[in-house]
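See structure below.
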Amino acid sequence: MIGVMRPHLRHLIVLALPCVVAAQGPYLAPNVLPPAGTSQLAKSLEAAKPRSTHVWRDTPAMAQDGTVYAFIEISRGDRRKWELDMAANELAIDRVIPQVIGGYPVNYGFVPQTVSYDGDPFDVLVLGPAIPGGRLVRGAIVGLMFMEDDNVLDAKVVLSRAGADGRPVDQLTDRDRQDISDYFRRYKQHESGKVTSVPGWGSIADGLAHVMTTHAFFRECRRPSGAPCRVMP
């Protein structure tokens with residue numbers, strides 16, 4: 001595992017063993033990174049450049065066994081919106097969610113070596129009990145939450161832990177979907193002009209497609225800032 005600035009970043013929690021994707025055609029995630037995304041990718045890479053090791057830039061998106069790595073920014077129940085400071089390679093508080101809205105209903109972070117359509121790393125939701133922010137974890141895909149943030153695609157892959165037998169410990173239940181959807185529909189309602197929507201949920205294959213596509217953006221879209229970038233599906 002790579003070394004990072006904060007000691008607890010070196011901890012690795014094995015959340016899941018390989019999952020079997022249903023035998024169906026893969027979901028084709030949109031394969032064009034918009035100009036705003038390529039611009040932000042360039043800025044993030046430049047910010048991380050002075051660091052000899054960097055948790056977003058240097059940690060692989062997936063393990064050889066098909067599991068997905070996730071860097072936890074926000075622990076379940078926390079109202080503080082922590083985000084990775086790319087230059088410092090450490091977590092910093094971006095804002096605090098109002099008490100009336102409450103804390104995050106699920107552990108929240110990102111998949112390393114990815115860039116999503118808004119230019120930020122691809123978001124991940126990790127089911128189960130609270131995991132301290134700053135941990136690097138590994139899990140099996142159990143679904144995908146489709147989401148739009150100010151009309152920009154902002155989907156989030158969902159991971160689960162597994163027991164000794166390799167079966168997921170935390171199922172993505174209908175109640176989970178309801179609670180998580182409700183939270184992300186309203187968690188920015190206190191911010192003037194901000195609009196979010198959760199139009200539905202996707203499958204394991206949908207989640208894998210988004211991880212693969214956003215990882216391809218990271219690898220292949222290092223071009224002049226402001227140019228759209230298309231990757232092979």
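What follows is calculated from the coordinates using simple rules that are stated; it is not laboratory data. Fair warning: this is a prediction, and the values are worked out from it, not measured in the lab. Don't worry about glycine lacking a Cβ; one is built from the backbone with ideal geometry, like all the others, and counts go over all protein chains shown.
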### Summary
Rounded to the nearest 500, the 222 nm mean residue ellipticity computed for the chain from DSSP H runs (n ≥ 4, each -39500 (n - 2.57)) alone is -6500 deg cm²/dmol
### Query
Contour minus end-to-end for Q171 and S197, with contour as 0.36 nm per residue of separation and end-to-end as the Cα-Cα distance?
7.0 nm
### Task
For an R0 of 35 angstrom, estimate the FRET efficiency from the Cβ-Cβ distance between N31 and T53 and round to the nearest 0.05.
0.75
### Query
Lys/Arg Cβ at +1, Asp/Glu Cβ at -1, dipole of the chain taken about the Cα centre: which of V211, N89, V106 is farthest positive-ward?
N89
### Estimated distance in nm for a label pair at A87 and R222, the labels positioned 7 Å out from Cα along Cα-to-Cβ
2.1
### Task
Please work out how much length the chain gains when fully extended from K43 to E148, using 0.36 nm per residue of separation minus the C-alpha to C-alpha distance, in nm with one decimal.
35.5 nm
### Task
State, as an integer percentage, the relative contact order of the chain based on alpha-carbon contacts under 8 Å between residues 6 or more apart.
28
### Query
In debye to the nearest 20, how big a dipole does segment 188-233 give about its Cα centre with +1 on each Lys and Arg Cβ and -1 on each Asp and Glu Cβ?
200
### Task
Restrict the search to segment 60-89; then list the trypsin sites (Lys or Arg not before Pro) that DSSP places in a loop and that have at most 16 other Cβ atoms within 10 Å of their Cβ.
R79
### Dimensions (Å) - the chain, Cα atoms, principal axes, largest first
44, 43, 40
### Task
For segment 130-233, state which GluC sites (Glu not before Pro) are in a DSSP loop and have at most 14 other beta carbons lying within 10 Å of their beta carbon.
E191
#### Entry: Gap separating the Cα centres of segment 93-110 and segment 54-75, nearest whole Å
21
